[in-house]
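The values are calculated or read from the model by the stated rules, or taken from the named source; none is laboratory data. Just so we're clear, the structure is a prediction, and the values are computed from it rather than from any experiment. So basically every Cβ, Gly included, is an ideal-geometry build from the backbone, and we count neighbours across all protein chains shown. Keep in mind that these areas ignore ligands, DNA and RNA; they rest on the heavy atoms of the full protein, side chains included. Shrake-Rupley method; radii C 1.70, N 1.55, O 1.52, S 1.80 Å.
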Amino acid sequence: MIDKDIGFVIKRINFRETSILASIYTMKFGKIQGLFKGFYTNKKEFSSSLDIFTLNEFVLYPRKSEIWLVSYAELIDGYDFLRRDIDKNSMAAMFARVVDKYTVLFYANPRVFYLLKYSLESLKSYSPERLIYIFMIKFLTICGFKPEFNLCIECHRPYADKMYFSVSSGGIICDKCRVLKKDAHSISPEASSAIEYIQRTGFPQVLRINLSKVCREEINFILRGFCKYHLHIDPFLNMSGKEYQA
Ligand SMILES: [Zn+2]
């Protein structure tokens, strides 16, 4: 069987002397592992550099094993503007790392593909600080990790005016259930409705969201705690150890 697909390179390693093994997030197949045999021998079939987060067209050979042979790669978009800016480059690499780490092989989800595409493109005009929480909230929602904001996660009742967020439970806690959870932190209605808005609003409208600094700090606090607790990553630290500020 032979097929064509487009996809983002999300991880790559050199394989033997002349080849590359890469994780690719494709449109039709979801995440695949592709082997590019003879990549370093200047084969004319590989006109792409296969750099991280480049978008390419591939000819591939789907089969039962976990690694698929890829015989052709042509660059569609290299996102060169990201490579000239260390903060944006670092953020784009984080998107790729999160998608590689938290998606399974051969499970197609075009929403992940488009989230990656729109997030990378949006870094052209928007700051990494804005994209980080839009990307993470949307990724967590699409992949089913989503923080629950509609009902109290303990008693499943609608909450009244006061609400709390528990990172370990992964959602909102009402005033009554608050005593059950040591890590329950109060959360403002502004922050909770902003997260809900990001969950349900598509690109490019979602980029126009305008939040107060206090609200951004609150969201960052929740998101960072959630990612550290449930995903064991800190998306707010870039590769050089710099912290993204709210
Ligand atoms: Zn409750």
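Residues in the range 104-123: is at least one polar (S, T, N, Q) and closer than 20 Å to Leu211 by Cα? For the range 104-123, residues polar (S, T, N, Q) and closer than 20 Å to Leu211 by Cα: present.
Which count do you get for residues in the range 118-129 that are assigned to a helix (DSSP H, G or I), buried (at least 18 other Cβ atoms within 10 Å of the Cβ) and modelled with pLDDT of 95 or more? Walk me through how you get there before you give the answer.
Filtering the range 118-129 down to residues assigned to a helix (DSSP H, G or I) leaves 118-122, 128-129.
Next, from what is left, pick out any that are buried (at least 18 other Cβ atoms within 10 Å of the Cβ): 118-120, 122, 128.
Now restrict to residues that are modelled with pLDDT of 95 or more: 118-120, 122.
Within the range 118-129, residues that are assigned to a helix (DSSP H, G or I), buried (at least 18 other Cβ atoms within 10 Å of the Cβ) and modelled with pLDDT of 95 or more number 4.
Note on the range 16-46: residues that are assigned to a loop (DSSP other than H, G, I, E, B) and within 12 Å of Ala108 (Cα to Cα) total 3.
Take the residues in the range 226-242 that are open to solvent by 20 Å² or more (accessible area, probe 1.4 Å) and within 18 Å of the chain's Cα centre (by Cα), then tell me which one is nearest to Asp87 (Cα to Cα). Break it down into steps so the answer makes sense when it comes.
Within the range 226-242, the first condition is being open to solvent by 20 Å² or more (accessible area, probe 1.4 Å), and the residues that meet it are 228-230, 232-234, 237, 239-242.
Next cut, within 18 Å of the chain's Cα centre (by Cα) only: 228-230, 232-234, 237, 239.
Numbers: Lys228: 21, Tyr229: 25, His230: 25, His232: 22, Ile233: 18, Asp234: 15, Leu237: 11, Met239: 9 Å.
Once the filter is applied, the top-ranked residue is Met239.
Name the one entry in Thr54, Thr26, Thr41, Thr103 that is open to solvent by 30 Å² or more (accessible area, probe 1.4 Å) and hydroxyl-bearing (Ser, Thr, Tyr).
Result of the check over Thr54, Thr26, Thr41, Thr103: Thr41.
Residues in the range 193-223 that are within 19 Å of Ile142 (Cβ to Cβ) and either open to solvent by less than 10 Å² (accessible area, probe 1.4 Å) or at pLDDT below 90 (or both): 9 in all. Scanning the range 67-88 for residues that are modelled with pLDDT of 95 or more and among the acidic types (Asp, Glu) yields Glu74, Asp77, Asp80. Taking every residue in the range 211-240 that is among the acidic types (Asp, Glu) and pairing it with any residue that is surrounded by 17 or more Cβ atoms within 10 Å (Cβ to Cβ), at least 6 positions away or on another chain, the pairs with Cβ-Cβ distances below 6 Å are Glu217/Ala246; Glu218/Ala191. Might you let me know whether the range 130-143 holds any residue that is open to solvent by less than 50 Å² (accessible area, probe 1.4 Å), of a type in the set (A, V, I, L, M, F, W, C), closer than 26 Å to Phe221 by Cα and in contact with a strand residue (DSSP E or B) (Cβ under 9 Å, 6 or more places away or on another chain)? For the range 130-143, residues open to solvent by less than 50 Å² (accessible area, probe 1.4 Å), of a type in the set (A, V, I, L, M, F, W, C), closer than 26 Å to Phe221 by Cα and in contact with a strand residue (DSSP E or B) (Cβ under 9 Å, 6 or more places away or on another chain): absent.
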